[in-house]
Amino acid sequence: MVQRVRVGHRDWTTQVEGVLEKEGLRPVGGMEMGGKSVYCHQPTLRLRRDDGEVTVVALDEDSRVETLSGA
């Protein structure tokens, strides 16, 4: 999974590899937006890395999910 993170005029690329365990949705918003919205969700992937660590990443239009060879 590769993501491009942009802050102002700077871009960073992040990458994480793991086995896909689950696809999901998380509510978007917070107290400053009047609470978490039931109608606005962001897609997520739950990945288990080789060392056993579990990470959940949020997907956006700059996310790129790739299947590795041998997977």
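The values are calculated or read from the model by the stated rules, or taken from the named source; none is laboratory data. Since we're looking at a predicted model, the values are computed, not measured. Ideal geometry is used to build each Cβ from the backbone, glycine not excepted, and the neighbour counts take in all protein chains shown.
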Of all residues making up region 1-21, the number that are in contact (Cβ under 8 Å) with a residue 12 or more places away in the chain and more than 18 Å from GLU66 (Cβ to Cβ): 1
Does region 12-21 contain at least one residue that is touching a Pro at 6+ places or on another chain (Cβ under 9 Å), polar (S, T, N, Q) and modelled with pLDDT under 90? no
